[in-house]
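This report concerns only the one structure given below.
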Amino acid sequence: MKSKYLALIISGSLVIATSVTLLVIYLPDNDVPEPEFTWFPDNSTFFEDYVKVPYMTPMRDGVKLATNVYIPRDINEALPVIFVRTPYGKDMMWTFLSGYVLRDFILVLQDFRGFFGSEGEKGMPFFTEQTDGHDSLLWISEQQWCNVIGTWGPSALGIAQYMMAPNAPGSLVCQLPMVATTDTYTAAFRGGQLRYELLVPWMDGNNYPADNLDLLKEHEMLDDFWSGGRIVNNYSDINAASLHLGGFYDIFCQDTINAFMAYQYQGGTSALGNAKLIMGPWVHGMATVPTGEITFPYQNLGILFKAGDALFEKWLKNNSTLWDQLPTVAFYLMSSTKFNPDTNGNGWFQSDKWPLDTVIQELFFYNNLSLLPAASSSLSNQLNFIYDPNSPVPTIGGGNLNIAAGAYDQQSLEERDDVLVFSTPILTEPISVVGQIEVSLFISSNYTDTDFTVKLTDVYPDNTSMLITDTILRVRNRESVSSWDFMTPGNIYNINIPFDSTAYHFNEGHQLRIDISSSNYPRFEVNPNTGDGLWDNDTTLTANNTVYTNSVYASKISLPSVNLGDLIPFSFDDVTAEQNFSFVVVHSKTTTKLSYIASPFVAVALVRINRGKSSKIDFL
């Protein structure tokens, strides 16, 4: 089963490579004279504007990690450090981040243990990032060129930031994690079920030992094994200001929001109240356009530059010009782009907190496949469908990593016999949903275990059924992901399934729709209905699954609704700075500054360089 999707693997390095603006560095051929001061090590390489110093940084167990330090040539005092740890190659990160060195930051780039130039073995992903992160921070703090430290990075780089945050040395004062998680268990499992397309291809593509997949089998329940890769019990030990960036179609959507709330409301003294959150209409690539089948307008992609500058200028250089102009929370309220050109959705809004103050709007499931605001008066309504693990519902869009992600039309799946499709009447008034949705289902099955999947879609006037968010629960994990509680066939159970948070405006003339089934593959592993552990089954069973829709067992969805008129708009165009921050492309005796024209996560700046000058800059 694993090999079936190897052809779909996008290497982890490409996830980052396509997520960040490419700044092409042309290095001069001629020798550059060394600076007058002489405290750089003998293995330093001197360039026109900076000095590169390679180290093999020792960890507490004797393993040495490959670390490159980039320092401005004219340094005459300790400077603030931007520290990045990566499994995707420190040299590639230099290509992306070189501009910071020309703005009087020191850049420290380090390969993860077991990756590229670093020594050591690859264990379970991210389980050594806390200790290696602490040891590296301590080493940086001891260097004469270090003043204070901030960290940067998306995805795996962001997870590394989170892991090193609790009990970090006091020199760590700020962090910029993007599209990341503080909990590797939730990265691996959702509702007890394996997030197959996220984890297995990523581990295969990054050459993790096959034995690690066996560890997933041994620890599919949350137990102490996972403590090395989660910090959810240690937020009070974090003392860094932070800016968290995420996307509503990202693989770590809810994890990013949870991390912000943890730093902001549960963090230590320096973290508490010093966190900000930006949530856009993005997939894991951040600001990738389109988002599936929708190109959301007015995304103001330059914020991804301004956000980093706001954090680092404030907490590393004590310049609060940008930071003070950013709200505590900025979020993009998504909506359809067809049929409603004058909608008030598809723009940015701000809040001083998350979650927002909302009114819970309940919609109940009916046997005629309606969604209505009052429960059915019937005593016996129920709907059945047959779930065959050998013919799972295929994944089309959603919060994916290695396959197509984002908003996609679900009509072709809604025609299947194993998908229950519930819809509201055509809306006469719009509904704005901001926050975390929950579905409460009364269900039964003819077997001791099965899955239930749920999708929320926006149905357009032309019947397009556009995916907003989706989720899953393995029923044996209905009480806890730390234990199994098998069903008695035929008994009725109430299961509560949370979605990731979203911010979506359903226009009048549209419908809300809920699709219920028992599979969504390869986004999630297929449940064989046998009750066996992960990959332990030697057969599959075809389940007869039931959803109850009557007055006694009233299945429903709870929507956190807001009044659109009460939301406060926000424009990143109004965020200005006293100086024009810019990334820089360095080449022979010429410095070409790229101002905030394109996002570092979406546009590729291709600099075509003739010796000594830049002939053309294209923004794609």
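Bear in mind these aren't lab numbers, they're just calculated from the coordinates by the rules spelled out. Everything numeric here is computed off the predicted structure, so don't read it as measured data. We place every Cβ from the backbone using ideal geometry, glycine too, and count neighbours over all the protein chains shown.
Tabulated data for the structure shown
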| item | result |
| --- | --- |
| Spatially proximal aspartates and glutamates relative to residue 314 (Cα-Cα < 15 Å; intrachain offsets below 8 disregarded) | 104, 324, 578 |
| Binned Cα-Cα distances of the stretch 452-513, short to long, each 5 Å bin given as a whole percent | 4, 15, 20, 17, 13, 11, 10, 7, 3 |
| Tensor-based shape of the stretch 210-307 (alpha-carbon gyration tensor, a/c under 1.5 rounded, otherwise prolate or oblate) | oblate |
| Summed side-chain charge close to residue 388 - residues other than residue 388 whose Cβ falls under 13 Å, Lys, Arg +1, Asp, Glu -1 | -2 |
| Dipole magnitude (debye, nearest 20) for the chain, charges at Cβ of Lys, Arg, Asp, Glu | 820 |
| Degrees, to the nearest 10: 303-317 long Cα axis against longest axis of the chain | 50 |
| Alpha carbon Rg of the stretch 43-138, scaled by the compact-globule rule 2.2 N^0.38 Å | 1.09 |
| Spatial separation of Cα centroids for the stretch 347-382 and the stretch 123-181, in angstrom | 41 |
| Cα centroid separation - the stretch 49-70 against the stretch 525-549, whole Å | 49 |
| Percentage relative contact order, the stretch 118-164, counting C-alpha pairs under 8 Å, at least six apart | 52 |
| Per-bin percent of Cα-Cα distances, the chain [20 Å] | 19, 51, 25, 4, 0 |
| Computed label-point distance, nm, for sites residue 48 and residue 535 using a 7 Å Cα→Cβ extension | 5.2 |
| Debye log10 I(q)/I(0) at q = 0.08, 0.13 Å⁻¹ for the stretch 359-566, Cα point scatterers | -0.26, -0.71 |
| Share, in percent, of DSSP beta bridges within the stretch 341-499 that are antiparallel, nearest 5 | 95 |
| Residue among 144, 497, 350 farthest towards the positive dipole end of the chain, charges placed on Cβ | 144 |
| Rounded if a/c under 1.5, otherwise prolate or oblate - the stretch 375-458, Cα gyration tensor axes | oblate |
| Over 24 Å (Cα to Cα) - which of 52/90; 64/122; 317/353 fall in this group | 317/353 |
| Given charges at beta-carbon only (K, R positive; D, E negative), |dipole| of the stretch 235-387 in Debye | 140 |
| Distant alpha-carbon pairs in the stretch 322-362 (separation over 13 angstrom), percent | 65 |
| Charge-dipole axis of the chain as Lys and Arg at +1 and Asp and Glu at -1 on Cβ define it, positive-most pick from 299, 423, 167 | 299 |
| Summed side-chain charge close to residue 216 - residues other than residue 216 whose Cβ falls under 11 Å, Lys, Arg +1, Asp, Glu -1 | -3 |
| Alpha carbon centroid spacing (whole Å) that separates the stretch 208-228 from the stretch 398-438 | 32 |
| The chain: antiparallel DSSP beta bridges as a percent of all, rounded to 5 | 75 |
